[in-house]
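The values are calculated or read from the model by the stated rules, or taken from the named source; none is laboratory data. Values in this document were obtained by computation on a predicted structure and should not be read as measured data. Cβ sites come from the backbone with ideal geometry, for glycine too, and all protein chains shown count toward neighbours.
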Amino acid sequence: MKFDTVIIGGGLSGLACGISLAEKGKKCAVVSSGQGALHFFSGSFDLLGYIDGSEVESPIQALSSLNKEHPYSLIGVDEVERISNEIPAFLNKTGVKITGGNAKNHYRLTPIGNKRPTWLTIDEYITADDSFNGKKLLLLNVAGYLDMPVKFIATGLEQQGLSCDVDEISIPELEKRRENASEMRSVNISKTIETIGINRIADAINSKGNGYDVVLLPAVFGWNGNEQFETLKGLVKPMVKTVATLPPAVPGVRIQTLMRKYFQSLGGTILTGDIVVGGKIENGKLQWINTRNLEDEKLIAATYVLATGNFFSRGIAGAPNEIYEPIFGLDVNTKACRDEWYDERFFNPQPYMRFGVSVDNNFRTLKNGKTIENLYAIGSVLGGADQIKEASMGGVSLITGVHVAELISKR
Amino acid sequence: MKKEQYSISKDNFEQCLKCTVCTVYCPVSSVNPLYPGPKQAGPDGERLRLKDKAFFDETLKMCLNCKRCEVACPSGVKIGDIIQRARMNYGPKKVKFRDMMLANTDFVGTMANLVAPVVNFTLGMKPVKMVMDKVMAIDHRRTFPKYSGIKFETWYKRNAAAAQGQYKNQVSYFHGCYVNYNFPKLGQDLVKVMNALGYGVNLLDKEKCCGVALMSNGLTAQAAKHAEQNMTAIRKSGMPVLTTSSTCTFTMRDEYPHLLNVDNADIRDNITLATRFIYRLIEDGKARIAFRKDYKARIAYQTACHMEKMGWKIYSISMLKMIPGVELVELDSTCCGIGGTYGFKKENYETSQKIGAPLFKQIEDSGVDFVATDCETCKWQIEMSTSKTVQNPISVLADAIDIEETIKLNK
């Protein structure tokens, strides 16, 4: 099978890259081994939240102080600014609605009520900034739903000077879900609401929400599209906002679904639940790849993009004495001695979190020090940054994804 | 993958990170709160069952073995296999009469075909359905597939066998119970298409039911006997073995070694869906097809669960897209709810129809002429639950192909 580009990995960076290429008329396939990290999405895309543990106020201004191996530094400060300016419109096209900007971080509210600096937050979420000062808040849980720690969140809001009452709603169909506590999960609730109908949910909310300015709900609306929450907003008298829950994250599942559908609507192909098992590198180029499911079928493309994620998604793997890239054995910026992988103090920055695939200035991967001319890497598989500690994961994924799509289309 | 070297189970269950992604895609737990869901029923429960089989939970029989949890799992855990194996190892050993009847598709098919008009008539009668419902717990709302009266094997021997030797290329065909007893036309369509492409079609020596229904109804030993006999027949044939059912294919390729411990490593690659075989012939330039100029159809493609698991929908879809007059609508991949014999059982009927509801709506909204799918039980379910008819992609091809011209092209 022949494509212009084959992308290995169907998470945020892979889909962003695939969409950018498909929009330019390229024939793309995405090979996706299981569902991606968007299923644990916080509700916000981070650009750059911390440098050496200190909060960043303006991510754009802070870019120039990053080390030269950082993916942002490889792209260049001006390019990161340009692409990050375009990301809100890019996401909006796929149906993902967000607020925020790159000149100044705002705060998101974490599922346990803390605040963290971030770049873009989906529209439906409450943000932990001053726009709710003086408002009367009601935190309304679904009775029996355990993945939103209500007291933590109320305490978190109080620490910001907001006062917040707590209550819950109960509907017979949702009550029935409680018969199996382990399956009273966000997405199952979202699917049950589909069958109940959003009107009855709105009625239940309205019966509790009298006299409040804002009703806060767990993010359990619309696992596969925006309609459920949009309709709810029109039916409930106070302003409605949602709060991030523990996984699975309904908004993340929705973003994954919307981006996948948009990619497919542009003619993109997705191979779900499949893994790339190998390929042939010859004359400095990747010639073809094989997947587990398609067996001896060769997927042949002019360019390939590695978007396989970090340790969690198995884009990078660890064995007792090595850290490696499991598909092609690409160069990884690891340290030879195992003792150097860790810091003994658990909460200190961990060196292994900066490990990832090495790339040249054009995001092309290397094997044994030699550039593979048509195999790029994007997103969390890249080394050179502790994307969790510095709060940059969403930004690195989106911006490297779009940047590499531009590099490929200029070829 | 190197990580698997460090696993002690063949299901990879140690790799479960408790991430909950599988629970997002379980069709059963989304509509039936009594089912503990793939995470709890699979790897979580397995930890306990390994200690003491008393932890086996009867509700595991609610799993319809769609394997969508495995497709979603980012860690490669064979969740569906863990659940099926637990049912086989710890489930009740005594099998109900009803389940035995539903499971023995080839025995029941042979008997029914002897008196097909009577069986078709009586199975359609309300009083008979009520008796079956009350006595056997086969739901009275379910429409039964019709028995054809003449088996495919009989038709083949009388009308096709003698002519097959004239073709320069030869394949075998595993027709399965459905083609043999209920719908010989699909087998006839395959013979027609393959002959036009210059391939003779042979039957296997004493093909048995693939055994999927035996496995899901607790008749494991009998299923293993079928598996051994089929593998012997496939080895003896020495040719590529084509199939027209995604579930038979998946069962013989993957469930035999994973669940029945029947080794098929030497011949697994020989077993392939006819759509895949044909697509690859055309793409490799080994055969050519001429299409009828007047063939026009708007078709929705339904990805059957086991097709999703095999990752081969790209072949059926690409093959259908080769037909100039076809406009293809790819439905969102989701379970239709029938799960083989699952939806026939009275206790599962409601769950089955609730699972299928979003698919039925997509189909009704799609404005297509008919639906195409590689699974016969999806066909029963969709034809019973929507206003559309359903065809196998091979039958679509048989209708769209210009036989005379195609024969000339492949002479």
Worksheet item: Residues in segment B:267-294 that are in a loop (DSSP other than H, G, I, E, B) and within 11 Å of another protein chain (Cβ to nearest Cβ): how many?
Response: 1
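Of a type in the set (A, V, I, L, M) and either more than 10 Å from chain A (Cβ to nearest Cβ) or in contact with a Phe, Trp or Tyr (Cβ under 8 Å, 6 or more places away or on another chain) (or both): does that describe B:LEU48?
Yes; evaluated as a whole, the condition is true for this residue.
Mind checking which residues of segment A:257-299 are of a type in the set (Gly, Ala, Ser) and either farther than 30 Å from B:ILE271 by Cα or out of contact with any strand residue (DSSP E or B) (no Cβ under 7 Å at 6 or more places or on another chain) (or both)? Step through it out loud before you land on a result.
Of all residues in segment A:257-299, those of a type in the set (Gly, Ala, Ser) come to A:265, A:267-268, A:273, A:278-279, A:284.
Listed by number, the residues that qualify are A:SER265, A:GLY267, A:GLY273, A:GLY284.
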Discussion item. I'd like the full set of residues that are charged (D, E, K, R) and not in a helix (DSSP H, G or I), limited to segment A:66-88.
Written reply: A:LYS68, A:GLU69
Worksheet item: Could you list, in sequence order, the residues of segment A:108-140 that are part of a strand (DSSP E or B), under 17 Å from the mean Cα position of the chain (by Cα) and over 18 Å from A:ILE87 (Cβ atoms)?
Response: A:LEU109, A:ARG116
Fill in: Unmet criterion (only one of (1) touching a strand residue (DSSP E or B) at 6+ places or on another chain (Cβ under 9 Å); (2) not assigned by TED's automatic domain parsing to the domain that holds A:PRO218) for A:MET148
(2)
Discussion item. Restricting to segment A:256-267, name every residue that is away from chain B (no Cβ under 11 Å) and crowded, with 23+ Cβ neighbours inside 10 Å.
Written reply: A:MET259, A:PHE263
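Within segment B:201-208, does at least one residue satisfy the condition of being part of a helix (DSSP H, G or I), of a type in the set (A, V, I, L, M, F, W, C) and buried (at least 19 other Cβ atoms within 10 Å of the Cβ)? Spell out how you get there, then give the answer.
Step one: filter segment B:201-208 for residues part of a helix (DSSP H, G or I), giving none.
Scanning segment B:201-208, I find no residue that is part of a helix (DSSP H, G or I), of a type in the set (A, V, I, L, M, F, W, C) and buried (at least 19 other Cβ atoms within 10 Å of the Cβ), so the answer is no.
If I filter segment B:340-350 for residues that are within 14 Å of another protein chain (Cβ to nearest Cβ) and of a type in the set (S, T, N, Q), do I get at least one hit?
Taking segment B:340-350 first, the residues within 14 Å of another protein chain (Cβ to nearest Cβ) are B:350.
Among the residues that remain, those that are also of a type in the set (S, T, N, Q) are: none.
For segment B:340-350, residues within 14 Å of another protein chain (Cβ to nearest Cβ) and of a type in the set (S, T, N, Q): absent.
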Worksheet item: Does B:ASN12 satisfy the condition of being more than 8 Å from chain A (Cβ to nearest Cβ), touching a Gly at 6+ places or on another chain (Cβ under 7 Å) and not hydrophobic (A, V, I, L, M, F, W, C)?
Response: yes
Discussion item. Kindly evaluate A:SER190 against the criterion of being within 14 Å of chain B (Cβ to nearest Cβ) and buried (at least 22 other Cβ atoms within 10 Å of the Cβ).
Written reply: yes
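One line per residue, one yes/no per condition, for (1) among the polar types (S, T, N, Q); (2) within 24 Å of B:GLU308 (Cβ to Cβ):
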{"residue": "B:LYS10", "(1), (2)": "no, yes"}
{"residue": "B:THR23", "(1), (2)": "yes, yes"}
{"residue": "B:TYR35", "(1), (2)": "no, yes"}
{"residue": "B:LEU50", "(1), (2)": "no, no"}
{"residue": "B:ASP57", "(1), (2)": "no, no"}
{"residue": "B:CYS69", "(1), (2)": "no, yes"}
Fill in: Filtered residue count, segment A:306-324, keeping only those that are within 26 Å of the chain's Cα centre (by Cα) and either within 11 Å of chain B (Cβ to nearest Cβ) or surrounded by fewer than 17 Cβ atoms within 10 Å (Cβ to Cβ) (or both)
10
Discussion item. Testing A:LEU216 on (1) more than 17 Å from the chain's Cα centre (by Cα); (2) within 14 Å of another protein chain (Cβ to nearest Cβ), one condition comes back false. Which one is that?
Written reply: (2)
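Could you please find all residues in segment A:265-298 being of a type in the set (Val, Ile, Thr) and either closer than 21 Å to B:LEU331 by Cα or over 26 Å from the mean Cα position of the chain (by Cα) (or both)? If you could, list the steps in order and put the result at the bottom.
Of segment A:265-298, the ones of a type in the set (Val, Ile, Thr) are A:269-270, A:272, A:275-277, A:281, A:289, A:291.
Scanning segment A:265-298 gives A:THR269, A:ILE270, A:THR272, A:ILE281, A:ILE289.
Under 17 Å from the mean Cα position of the chain (by Cα), farther than 30 Å from B:ILE355 by Cα and either assigned by TED's automatic domain parsing to the domain that holds B:ASN182 or not charged (D, E, K, R) (or both): which single residue out of B:VAL241, B:VAL262 fits that description?
Details: B:VAL262 fails: under 17 Å from the mean Cα position of the chain (by Cα).
B:VAL241 is the lone residue from the list that is under 17 Å from the mean Cα position of the chain (by Cα), farther than 30 Å from B:ILE355 by Cα and either assigned by TED's automatic domain parsing to the domain that holds B:ASN182 or not charged (D, E, K, R) (or both).
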Practice prompt. Quick one: count up the residues across segment B:132-152 that are part of a helix (DSSP H, G or I) and either surrounded by fewer than 14 Cβ atoms within 10 Å (Cβ to Cβ) or in contact with an Asp or Glu (Cβ under 8 Å, 6 or more places away or on another chain) (or both).
Written response: 3
Worksheet entry | Members of segment B:51-72 found to be part of a loop (DSSP other than H, G, I, E, B) and either within 14 Å of chain A (Cβ to nearest Cβ) or within 16 Å of A:ASN180 (Cβ to Cβ) (or both), listed by number | B:ASP57, B:CYS63, B:CYS66, B:LYS67
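Could you please let me know if A:LEU375 is touching a strand residue (DSSP E or B) at 6+ places or on another chain (Cβ under 7 Å), assigned to a loop (DSSP other than H, G, I, E, B), modelled with pLDDT of 95 or more and away from every other protein chain (no Cβ under 14 Å)?
Working: touching a strand residue (DSSP E or B) at 6+ places or on another chain (Cβ under 7 Å): yes; assigned to a loop (DSSP other than H, G, I, E, B): no; modelled with pLDDT of 95 or more: yes; away from every other protein chain (no Cβ under 14 Å): yes.
No.
Find the helices (runs of 4 or more DSSP H) located wholly in segment A:174-283 whose residues include 2 or more that are more than 30 Å from A:VAL305 (Cβ to Cβ), and list them. Spell out how you get there, then give the answer.
On the way: elements: A:186-196, A:198-209, A:227-235, A:250-265.
Filter on segment A:174-283 gives A:186-196, A:198-209, A:227-235.
Quick one: how many residues across segment A:345-365 are part of a loop (DSSP other than H, G, I, E, B) and charged (D, E, K, R)?
We begin by selecting, within segment A:345-365, every residue part of a loop (DSSP other than H, G, I, E, B); these are A:345-350, A:355-356, A:358, A:360-363.
Add one more test, that the residue is charged (D, E, K, R), and what stays is A:345, A:360.
Qualifying residue count, segment A:345-365: 2.
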Discussion item. Looking only at segment A:271-289, count every residue that is within 14 Å of chain B (Cβ to nearest Cβ) and surrounded by fewer than 17 Cβ atoms within 10 Å (Cβ to Cβ) and tell me the total.
Written reply: 2
Item to complete: Please tell me if A:THR118 is surrounded by fewer than 20 Cβ atoms within 10 Å (Cβ to Cβ) and β-branched (Val, Ile, Thr).
Response: no
Worksheet item: Residues in segment A:45-65 that are surrounded by fewer than 20 Cβ atoms within 10 Å (Cβ to Cβ), in a loop (DSSP other than H, G, I, E, B) and at pLDDT 95 or above: how many?
Response: 2
Response to the item:
Among B:THR143, B:THR154, B:THR105, B:THR110, the single one that is without any contact (Cβ under 8 Å) to a residue 40 or more places away in the chain and among the hydroxyl-bearing types (Ser, Thr, Tyr) is B:THR154
Worksheet entry | Residue list for segment B:16-40, restricted to those being touching a residue at least 40 places away in the same chain (Cβ under 8 Å), assigned to a loop (DSSP other than H, G, I, E, B) and more than 8 Å from chain A (Cβ to nearest Cβ) | B:CYS16, B:CYS26, B:ASN32
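Just need a number here: residues in segment A:23-44 that are of a type outside the set (A, V, I, L, M) and buried (at least 22 other Cβ atoms within 10 Å of the Cβ).
Of the residues in segment A:23-44, the ones of a type outside the set (A, V, I, L, M) are A:23-28, A:32-36, A:39-44.
Subset that is buried (at least 22 other Cβ atoms within 10 Å of the Cβ): A:28, A:32-36, A:39, A:41-44.
Count: 11.
Conditions (1) away from chain A (no Cβ under 14 Å); (2) more than 30 Å from B:TYR199 (Cα to Cα); (3) touching a Leu at 6+ places or on another chain (Cβ under 8 Å), marked per residue:
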site: B:VAL77; (1), (2), (3): no, yes, no
site: B:PHE107; (1), (2), (3): yes, yes, no
site: B:ASN120; (1), (2), (3): yes, yes, no
site: B:LYS134; (1), (2), (3): yes, yes, no
site: B:ALA163; (1), (2), (3): yes, no, no
site: B:GLN166; (1), (2), (3): yes, no, no
